[in-house]
Amino acid sequence: MTETTPRFDWTRDEIAALYEAPLDTLLGKALGVKAENWADGKVQKSQLLSIKTGGCAEDCGYCSQSAHFDTGLKAEKLMPLEDVVAEAKRAKAGGADRFCMGAAWRELKDRDVPKVAAMISAVKAEGLETCVTLGMLKPEQANALKAAGLDYYNHNLDTSPEYYDTVVSTRTYDDRLETLSYCREAGINLCVGGILGMGESREDRIGLIHELSKLKPHPESVPINMLVPIKGTPLGESPPISVVEMARAIAVCRIVFPKSWVRLSAGREGMTEEGQALCMLAGANSIFVGDRLLTTDNPGETRDDALLKAMGFEHASREETATPARKTTLIGA
Ligand code: SAM
Ligand code: DTB
Ligand code: SF4
């Protein structure tokens with residue numbers, strides 16, 4: 001099997017040419033890259049849990065959890081460790097192999113580090129890969145999370161640098177990149193992606209993928225979310241984007257990030273089974289499972305089983321799909 005060597009010198013024009021190719025050309029290329037680097041028909045499953053919900057100081061225009069908007073969401077305190085462990089056990093029993101704990105924080109406070117570290121260690125002890133998304137980090141906090149057993153940090157770039165401040169005003173693109181660099185220095189795998197359907201142009205979607213392609217090494221996971229419109233947020237009335245546009249973005253990610261898990265993330269609840277199948281055919285090889293994302297609904301086990309069965313796809317453990325090349329790129333593999 002010839003594997004694809006990841007490139008870090010993609011130009012925006014090259015990415016645009018892929019994105020705008022006839023759909024059969026684009027999907028053909030994406031499936032070629034997938035076949036070179038991954039076993040057929042295998043899907044990685046992550047499950048989310050909101051460990052600290054609502055009341056967030058940031059003003060991300062898409063988010064149900066920002067204190068700047070009235071979305072009707074009740075803010076909650078940090079969840080107790082025992083509840084987190086109980087949810088992790090349920091996720092594992094439901095087939096998840098990675099458990100991602102999300103907190104509605106602008107940044108991690110030092111006083112919360114031991115509490116989150118205990119959650120990471122306990123989830124890891126259940127035999128799950130661990131992921132957290134906690135907002136901005138300082139270098140020593142990243143080191144502490146790694147020491148507790150953290151496998152992945154999720155911190156999305158969301159959109160192009162040019163469109164970013166239309167969506168968020170309380171932090172910058174460079175703030176995001178800084179936290180990502182601290183995670184890398186601490187030896188943590190990265191989960192970095194974005195959202196489609198926030199009123200951005202195709203050029204912005206291309207810009208997002210271009211920015212992600214410059215991260216060296218590439219993020220090991222690339223989540224592509226379709227906006228879940230939340231009433232009360234500035235983006236709550238955004239018109240939905242087409243599933244073909246979503247599939248194009250996923251296919252380009254599959255080509256540009258040959259060794260990364262590309263996740264069809266938020267937004268599946270609003271898609272038909274055929275739409276989801278198209279996105280999987282475009283090269284996505286990971287989904288969020290369970291009937292909740294952080295604060296919104298997700299299809300859940302019965303419907304996901306039906307979708308994967310119809311496609312002849314099945315759950316892949318990391319060990320099953322890791323090629324020798326991936327074993328050397330994935331930290332902790
Ligand atoms: N506070 C942390 C942060 O922003 O990094 C972690 C939690 S935040 C909810 C994680 C990611 O979820 C965001 O970066 C965004 O990409 C995605 N997200 C949030 N709300 C969404 C929505 N309504 N639709 C799609 N994706 C969303
Ligand atoms: C990501 O890219 N998508 C997830 C995860 N990383 C943290 C979050 C999706 C959130 C969707 C809206 C909600 O449920 O609040
Ligand atoms: Fe806060 Fe994260 Fe929501 Fe932004 S996306 S408002 S940082 S929880």
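The values are calculated or read from the model by the stated rules, or taken from the named source; none is laboratory data. As the structure is a prediction and not an experimental result, all values here were calculated from the model. We place every Cβ from the backbone using ideal geometry, glycine too, and count neighbours over all the protein chains shown. Surface accessibility is based on the protein's heavy atoms, side chains included, excluding ligands, DNA and RNA. Shrake-Rupley method; radii C 1.70, N 1.55, O 1.52, S 1.80 Å.
Quick rundown of the values:
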| quantity | calculated |
| --- | --- |
| Filter result (open to solvent by less than 40 Å² (accessible area, probe 1.4 Å) and more than 15 Å from ligand 2 (Cβ to nearest atom)) within the stretch 85-107 | VAL85, ALA88, GLY94, GLY95, ASP97 |
| Residue within the stretch 274-286 that is aliphatic (A, V, I, L, M), away from ligand 3 (no atom under 16 Å from the Cβ) and more than 25 Å from ILE209 (Cβ to Cβ) present | no |
| Pairs with Cβ under 7 Å, 6+ apart, first in the stretch 223-250 and of a type in the set (Ser, Thr, Tyr), second more than 13 Å from ligand 3 (Cβ to nearest atom) | SER238/GLY197; SER238/GLY199; SER238/PRO229 |
| Filtered residues of the stretch 287-311 (kept if more than 16 Å from ligand 3 (Cβ to nearest atom) and of a type outside the set (D, E, K, R)) | ILE287, VAL289, GLY290, ASN298, PRO299, GLY300, THR302, ALA306, LEU307, LEU308, ALA310, MET311 |
| Hey, GLU245 outside any helix (DSSP H, G or I) and among the acidic types (Asp, Glu) or not | no |
| Neighbours by Cβ (under 7 Å, 6+ apart or cross-chain): first from the stretch 254-266, within 13 Å of ALA282 (Cβ to Cβ) and open to solvent by 10 Å² or more (accessible area, probe 1.4 Å); second of a type outside the set (S, T, N, Q) and more than 16 Å from ligand 3 (Cβ to nearest atom) | ILE255/LEU18; ILE255/LYS29; ILE255/ALA30; ILE255/VAL33 |
| Residue match in the stretch 248-260 (condition: within 15 Å of ligand 2 (Cβ to nearest atom) and more than 21 Å from ALA35 (Cβ to Cβ)) | no |
| Options GLU140, GLU76: the member that is in a loop (DSSP other than H, G, I, E, B), of a type in the set (D, E, K, R), at pLDDT 95 or above and over 21 Å from the mean Cα position of the chain (by Cα) | GLU76 |
| Boolean, ALA118 is open to solvent by 40 Å² or more (accessible area, probe 1.4 Å), among the aliphatic types (A, V, I, L, M), within 16 Å of ligand 2 (Cβ to nearest atom) and more than 14 Å from SER50 (Cα to Cα) | no |
| Candidates GLY312, GLY275, GLY270, filtered to the one that is of a type in the set (Gly, Ala, Ser), closer than 20 Å to CYS63 by Cα and more than 16 Å from the chain's Cα centre (by Cα) | GLY270 |
| Near pairs, Cβ below 8 angstrom, 6+ apart or cross-chain, from the stretch 108-123 (closer than 13 Å to ASN143 by Cβ) to any residue that is in a helix (DSSP H, G or I) and open to solvent by 40 Å² or more (accessible area, probe 1.4 Å) | ALA117/ALA147 |
| Residues that are open to solvent by 30 Å² or more (accessible area, probe 1.4 Å) and either in a helix (DSSP H, G or I) or among the small types (Gly, Ala, Ser) (or both), drawn from the stretch 171-204 | ASP174, ASP175, LEU177, GLU178, SER181, TYR182, ARG184, GLU185, GLY199, SER201, ARG202, GLU203 |
| Given (1) closer than 19 Å to CYS100 by Cα; (2) within 15 Å of ligand 2 (Cβ to nearest atom); (3) among the hydrophobic types (A, V, I, L, M, F, W, C), index of the condition LEU145 fails | (2) |
| Exclusive hit being within 16 Å of ligand 3 (Cβ to nearest atom) and either outside any helix (DSSP H, G or I) or in contact with a Lys or Arg (Cβ under 6 Å, 6 or more places away or on another chain) (or both), set VAL228, VAL262, VAL222 | VAL228 |
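Condition check ((1) under 19 Å from LEU190 (Cα atoms); (2) modelled with pLDDT of 95 or more) across all residues:
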| position | (1), (2) |
| --- | --- |
| CYS253 | yes, yes |
| ARG263 | yes, yes |
| GLY267 | no, yes |
| ALA282 | no, yes |
| THR302 | no, no |
| ASP305 | no, no |
| ILE331 | yes, no |
